[in-house]
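Read through the structure below, which is laid out as structure tokens, and then see the notes.
Each value in this text was obtained by applying a stated rule to the coordinates, not by laboratory testing. Source: prediction; values computed, not measured. Ideal geometry is used to build each Cβ from the backbone, glycine not excepted, and the neighbour counts take in all protein chains shown.
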Amino acid sequence: MKRGIFILLISICLMVEVPFYANGADAVGGFRGIQWGEQFSNILEPLIPVGSSQGDYVAYYISGDNLEIGVSHPDSIIYEFWKREFAAAKITVTGTEEFKSLKLAVFQQFRHTPKLNASSCQEWIWFYEWNEGDSLISLHFDVFKNQGLLSLVSSQILSQAKDQRKQEAKNGAKEDF
């Protein structure tokens, strides 16, 4: 009996953690086997474009992707590339229960519970954000829309993109004078 309970507990822990580490991925340095900065051409899974690109950013989903994180069943998992380098993963859920399941999996994965970001929080929006290694992580839920979003973003690539936008703005300002 005790052995059965022990095996059940281990199985539950693995159900929560494995989706983050599928294909040997380190969630701190990427998502599901794709490391931050990995070239688009190195991705073996079939990537299908989502909508139109936004400047140097292009979003994709993976055909046949496992839409489970812990016991949560996300609506979508989007992989974003900046200049053809993996830069972010965005996971969306609908419903309070799905958000709570996703939040539980995320907090267990990163072994801590961040506090609500009071400056970005109102009673209808729950917002958590923190840094983890080379990743910026945010998790929020909009009560009115009944939708949640988990964003995992490479802090290095985000910094490079911001620097490029600043330089482009400077160049544009010089041309206008």
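Quick rundown of the values:
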| quantity | calculated |
| --- | --- |
| Percent breakdown of C-alpha pair distances by 5 Å bin, ordered from the shortest bin, for region 31-170 | 2, 9, 18, 21, 20, 17, 10, 3, 1, 0 |
| Sorted by Cβ neighbour density within 10 Å, fewest at the top, the residues W36, W126 | W126, W36 |
| Exceeding the 26 Å Cα-Cα cut-off - candidates K103/K166; K145/K166; K100/K162; K83/K145; K90/K162; K83/K103 | K103/K166; K145/K166; K100/K162; K83/K145; K83/K103 |
